[in-house]
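Presented below is the structure to which this report refers.
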Amino acid sequence: MRVEAKLLLGLGAFFGVMAVVYWNWGHENAGGVMMFAGMLLCLVPGSYYYWWSRRMKARPEDDPNATQGEGAGVVGSFPGSSIFPFTLGMGAFFVVLALVFGIWFLVPGLGLAAWALLGATAEGRRGGHV
Amino acid sequence: MVDLITPPPAIIDVDHDGDEGHDEHHGATGILKWMTSTDHKVIGLSYTVTSVVMLIIGGLFAEIIRAQLASPNGTLVSLAQYNELFTMHGSVMIYLFAGPFAFGGLANIIVPIQIGAPDMAFPRLNALSYWLYLMGSITMLMGFFTAGGAANFGWVAYAPLSNSINTPGAGADLWIGGLLLTGFSAIFTGVNLTATIFYLRAPGMTMFRMPIFTWNMLVTAILILLAFPVLTAGLIMLYCDRHFGTHIFSVAGGGVPVLWQHIFWFWGHPEVYILALPFFGMATEIIAVFSKKPVFGYKSMVFATLSIGALSLGVWAHHMFTTGVVLLPFFSFMSLMIAVPTGIKIFNWIGTMWRGELWFSTAMLMALGFLFTFLIGGLTGIYLASPPLDFFTHDTYFVVAHFHSIVMALVLAGMGGLYFWGPKITGYLLNEKFGRIQFWFLFIGTQVFTFPQYILGLDGMPRRIAMYPHSPQWKTLNDWSTFGAILVGISMIVFVVNVGYSWKKYPCGDNPWDAQTLEWFTTSPPPHHNFYRLPQIRSERPTWDYNHPEHRSLAHGTGGTGTHHEPPLANAIVGALEHDQDHDA
C-alpha cells in the first residue's frame, strides 16, 4: 500500500507545484483550475492510501518474501456472467440517441437503464458463479 | 527448486447458492456468452477485434484521402465529403482504435495475468466499458447515414467551427454522443485497471516487480482518470452551446472560443500519452523477451514512465502556440522536458538489446520498427515544441507527418503485441512468413508515406485541404505519400490473410517465446481465473526464474538486506568493458 500511496502523493505534489507556477506566471484560469483539480484527484486517494498504509500490515502482495499460500482466500463475490452490463450499455446508447434524434429515445433508454439497475442489484445480492 | 510450486492462488468466491452443479464453463455459448461474459479475456478479445475493425475502417478513410490527394485537383470525393473523411479518419483512429486497442484490448487481457490476478477488479464494469465503447463507435459512425453526413469539423472540433451555425446537422451531434459513450468507457477501464493493479496482485508481486507493461498501463489508467473527465465536461458544454443556447465558447454571448482549445487539449495531450505508453510497454516486453535479457534499467524505465505521465499534464498548450494567448516559455520548456524520459526509454531499449541473444521474430521486427519510427516522430516533435519552429510549421503537413510517424510507430508496436500475445490469447501462433511480409510492407510503407509529408510541410502545404496548387514537386511528393499509404494498406491485407491462413493451425504451447513474465506461466489460452498454480515471485520475471533456475534474476526490492541490486546487464556491460580493457592493456 505504501508504494501506491507515495505514487499518487508524488504525482499530486508535482501537479500542485506545476499549478502554482503556471497560474502565477500565466494568470490563465482554465489551465490553472484543471491542474489544481488534477492535483486533488491524486492527493485525495493518495492520502487515503497513505492513511491506511500506516495502519495495516503489509499485504502479501506488498511483501517481497510472500509465498503463494498467503494469498489464498476469497477475493470477492461476483456473478459469473451477467446480461446487465449489456442492458445498461444499450440504455446509455439510447439516451445518447435522444440527444440527437429526439427526446422520445429517453423512454427505451431510461427504461433499459432502470431495468439494468434493478437487475444488477438483485443479481449482486444473489451472488453466484464466476 | 521444487518448492516453487505452491497451492493455487486466491480465487474469487464461488457461491454455490441455488445453482449447485451448474458449471459456468458449460453455460452460455456463442453470442449469448459474448453478450453476458464478465471474463476479462472474453471482453478483452471483443475489444481487440472491435478495435482492429476500427483500424481497418479508419485505414480505408485514409486510403480514400490519399487517393484524392494523388492529383492536385482530385475529383474522387467532393470537398464536403473530404472534410467528413479526414474528421472521421482522425476520430476513428484516435478515439476508437488506438486507445481502446491498448487499454481495452491487450491490457484488459494481459494485465491481470501479468500480476497473477484471477480477473479484473470489477468484472461487470469491465463488460459495461466494452458495450459503451461498441455503442459509442456505432453512434459516431452512424453519422455517415444521416442526411447531413458525418461530423466534418476535424477531430479536434474547434469552436466556433463546431457550433450549430457553422456545423449544423445530426452528424456532429452523433460525434459528440459517440465520444461521450467512449469517454465513459475509457474512464471505467481506467478505474478498473487502477483497482486491479493496486488490489489484485499475487503474493510477492510488489509494485517494483510488476512487468513494465503493467506499470505503463497503471500510469495510462491514472492519466485516463485525470484527462477524460475534462473531455466529457467539454463535450457537454459544446452540446449545450449547440442546442441549449449557452455561450460558453462563442464570443457573441461573452464566451471564450479558446476555452474549448484549453479543455480539449488538456485532455488531448495526456491522451497522446494514453495512446503511446501502452505501446511503449508492449515494445519493452517484446524487446526483453526476444533479447533473452531482463529489461535494462527497470527502475529508470518505471520512473521515466511516471515522469512522462506527470509532465503530460503540463504541456497541452503546445498545440495552441499560434493562438497567441498561451504562455509560450512554460509550455515550450515542459514539452522539451518530455524528451528526457522518452530518451531514457530509448536508451533502455537499446541497452536491453545490447549483447543480447536476439531473435528476429515478427514481434521483435515490429518492435524494432516501432523504435525507429518512433525515434523519427519523437525527434520532429522536439522541433515542434519550439514556438518559432511551430509558428512556421503549424497546420502544415509537417505536423501531420510528425504525428503519423508517432502513431504508425504505435501501430507497429501494436502489431508486435498481437504477434507476441496473440498466441497466449488464442493458443495458436500466427504464420511467421506472412508476419515478415506484413512487417516489411508496414515498415517501408510508413516511411514512404511520412517522409514526403515532412518535406511538403516545410514547403508550406497546409493540412486538411482536398486540392492543392499545381506544382511538379508537390505532385511527386504527394504521389510518393499515396504510394506509401497503399503499401500500409497491403500490409493490413496481409495481416487479415495471415489470421485466416493461420487459423488454429500452429498450436503454441504455454510459453512459445521462452518469455519472462507471469502470463507465460499459465496455459494458452489461460483457464477461467487464469492460473492453476503460480510460481514463487521473487523478481520482475517469475516465469524466467522458474524455467531457468541457473540464470535467475537478482531479486528486485527484496528489502531487508540493505544491498542495492544492479540489473544483471549492468554487470555484464561493466564486465565486458573490463574484459576489453584487459585485452587492450
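Every number here is computed from the coordinates shown, using simple stated rules; none is lab data. Just so it is clear, the structure is predicted and the values come from calculations on it, not from any experiment. Heads up, the Cβs are rebuilt from the backbone with ideal geometry, glycines too, and the neighbour counts pull from every protein chain shown.
Cβ crowding within 10 Å ranks B:I274, B:I493 as B:I493, B:I274, fewest other Cβ atoms first. Normalised size of the protein assembly as shown, defined as Cα radius of gyration per 2.2 N^0.38 Å with N residues, equals 0.95. Which of B:N108, B:L277, B:P329 sits closest to the plus end of the dipole of the stretch B:35-576, meaning its Cα is farthest towards the positive end, when Lys and Arg get +1 and Asp and Glu get -1 on the C-beta? Value: B:N108. Peptide A:30-42 has a mean of 5 when you count, residue by residue, the C-beta atoms of other protein chains within 10 Å of its C-beta. Rounded to the nearest 10 degrees, the inclination of helix B:472-501 to the longest alpha-carbon principal axis of chain B is 40 degrees. The 3J(HN,Hα) values that the Karplus relation (6.51, -1.76, 1.60; θ = phi - 60°) gives for the stretch B:359-370 are, in residue order, 10, 7, 6, 4, 4, 5, 4, 4, 5, 5, x, 4 Hz. Gly and Pro appear as x. Sorted on the mean count of surrounding Cβ atoms within 10 Å across their residues, most packed first, peptides B:278-291, A:102-115 read B:278-291, A:102-115. Give the shape of the stretch A:84-126 as rounded, prolate or oblate, defined through the alpha-carbon gyration tensor: a ≥ b ≥ c are the square roots of its eigenvalues, a/c under 1.5 means rounded, and otherwise the shape is prolate if a/b is larger than b/c and oblate if not. It is prolate, given that a/c is not under 1.5 and a/b is the larger ratio. Apply the a/c threshold of 1.5 to the C-alpha gyration tensor of the stretch A:17-130 and tell me whether it is rounded, prolate or oblate. Oblate, since a/c reaches 1.5 and b/c is not below a/b.
Expressed as an acute angle from 0 to 90° and rounded to the nearest 10, what is the orientation of the C-alpha long axis of helix B:568-584 relative to the principal long axis of chain B? Approximately 80 degrees, to the nearest ten. Calculated mean residue ellipticity, 222 nm, chain A: -24000 deg cm²/dmol, from DSSP H runs (n ≥ 4) at -39500 (n - 2.57) each, averaged per residue and rounded to 500.
For chain B, the relative contact order comes to 17 percent (Cα pairs under 8 Å, sequence separation of at least 6). Compared with the dominant Cα axis of chain B, that is its longest principal axis, helix B:397-426 is turned about 30°.
Positive-end ranking of B:I64, B:H548, B:M207 along the dipole of chain B, with charges on Cβ about the Cα centre, is headed by B:I64.
Taking the number of Cβ atoms within 10 Å of each Cβ as an exposure proxy, the fewest-first ranking of B:Y199, B:Y397, B:Y130 is B:Y199, B:Y130, B:Y397. Straight-distance candidates among the lysines for linking to A:K6, with alpha-carbon spacing under 28 Å and chain neighbours fewer than 8 residues away dropped: A:K57, B:K299, B:K345. Projecting the Cα atoms of B:N216, B:A150, B:T342 onto the dipole axis of chain B, where Lys and Arg carry +1 and Asp and Glu carry -1 at the beta carbon, places B:A150 farthest toward the positive end. Taking a straight Cα-Cα cut-off under 19 Å and skipping sequence neighbours fewer than 8 places away in the same chain, the lysines within cross-link reach of B:K504 are B:K41, B:K424, B:K433.
At the listed q of 0.23 Å⁻¹, the Debye profile of the stretch A:2-58, built from one uniform point per Cα, gives log10 I(q)/I(0) equal to -0.77. Averaged over the residues of peptide A:90-99, the number of Cβ atoms from other protein chains lying within 10 Å of each residue's Cβ is 6. Rounded to the nearest 20 debye, the dipole magnitude of the protein assembly as shown is 480 debye, with +1 charges on Lys and Arg beta carbons, -1 on Asp and Glu beta carbons, and the Cα centre as origin. Averaged over the residues of peptide B:174-181, the number of Cβ atoms from other protein chains lying within 10 Å of each residue's Cβ is 4.
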